[in-house]
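Chemist: So that we are looking at the same thing, I have put the structure below in structure tokens.
The values are calculated or read from the model by the stated rules, or taken from the named source; none is laboratory data. Not measured: the values here are computed from a predicted model. Cβ placement follows ideal geometry from the backbone for every residue including glycine, while neighbour counts extend to all protein chains displayed.
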Amino acid sequence: MPGKKREKDLNILQKLYIPEIAKGLLLTLKSMFKPNVTLQYPEVKFEPPASYRGRPVLVQEKNGIERCVACGLCSRVCPALAIEVQASETENEKERYPVKFEINMLRCIFCGFCEEVCPEEAIVMSKDYELVFKNREDAIYGKEKLLVPVMELRDRLEFLRKFK
């Protein structure tokens, strides 16, 4: 019949799927003898690399003042609407600071958009991955829970500066 494509004839091995089964068995055997990568958590803790995106935190300078200038970009870019910022004026060299800075950790999806949009490197994703809440109120992190000294975030800040 013209116009109809003829199907390729298969040999007996291909009809029995023996090469495919052999490939699958070979792959299984290879993976069986690889070293085990399972950590015995919580006895052995995972040490995340600098690229890891844990819970978001605010950077606190060595003098105890937060870097945040309360521009509100982080709250605008947050797809989950997890960040709330209220600004106020100050007499310091920074004209503004956040009176209220809250992150609802139940809403946060750890996307890192807040970190990317921040012009002051004031909010970064930390290495913290253990988040436990007894109730909903505990999941709302205010400035007291979010402020982390700049020295503890040094490797993450260096990682971010590589891409700017």
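Chemist: Only one of Lys15, Lys34, Lys62 is loosely packed, with under 11 Cβ neighbours inside 10 Å and not in a loop (DSSP other than H, G, I, E, B). Can you tell me which?
Modeler: The conditions single out Lys15.
Chemist: Assuming Val132 fulfils every condition listed in (1) modelled with pLDDT under 95; (2) within 22 Å of Val150 (Cβ to Cβ); (3) surrounded by fewer than 16 Cβ atoms within 10 Å (Cβ to Cβ) apart from one, which condition is it?
Modeler: Condition not satisfied by Val132: (2).
Chemist: Return yes when Lys94 is surrounded by 12 or more Cβ atoms within 10 Å (Cβ to Cβ), free of Cβ contacts under 8 Å to residues at least 60 places away in the same chain and part of a loop (DSSP other than H, G, I, E, B) and no when it is not.
Modeler: yes
Chemist: Does the range 51-81 hold any residues that are modelled with pLDDT of 95 or more and farther than 22 Å from Leu160 by Cα, and which are they?
Modeler: Ala80, Leu81
Chemist: May I pose another question? Considering only residues of the range 107-161 that are assigned to a loop (DSSP other than H, G, I, E, B), among the acidic types (Asp, Glu) and in contact (Cβ under 8 Å) with a residue 40 or more places away in the chain, which is nearest to Val59 (Cα to Cα)?
Modeler: The residue in question is Glu121.
Chemist: Could you tell me whether Val99 is surrounded by 11 or more Cβ atoms within 10 Å (Cβ to Cβ), in a strand (DSSP E or B), out of contact with any Lys or Arg (no Cβ under 8 Å at 6 or more places or on another chain) and without any contact (Cβ under 8 Å) to a residue 40 or more places away in the chain?
Modeler: yes
Chemist: So, in the range 74-91, of the ones that are of a type in the set (A, V, I, L, M) and crowded, with 18+ Cβ neighbours inside 10 Å, which residue ends up farthest from Gly142 (Cα to Cα)?
Modeler: Of the range 74-91, the ones of a type in the set (A, V, I, L, M) are 77, 80-83, 85, 87.
Then keep just the ones that are crowded, with 18+ Cβ neighbours inside 10 Å; that gives 82-83, 85.
Details: Ala82: 12, Ile83: 10, Val85: 10 Å.
Out of the qualifying residues, it is Ala82.
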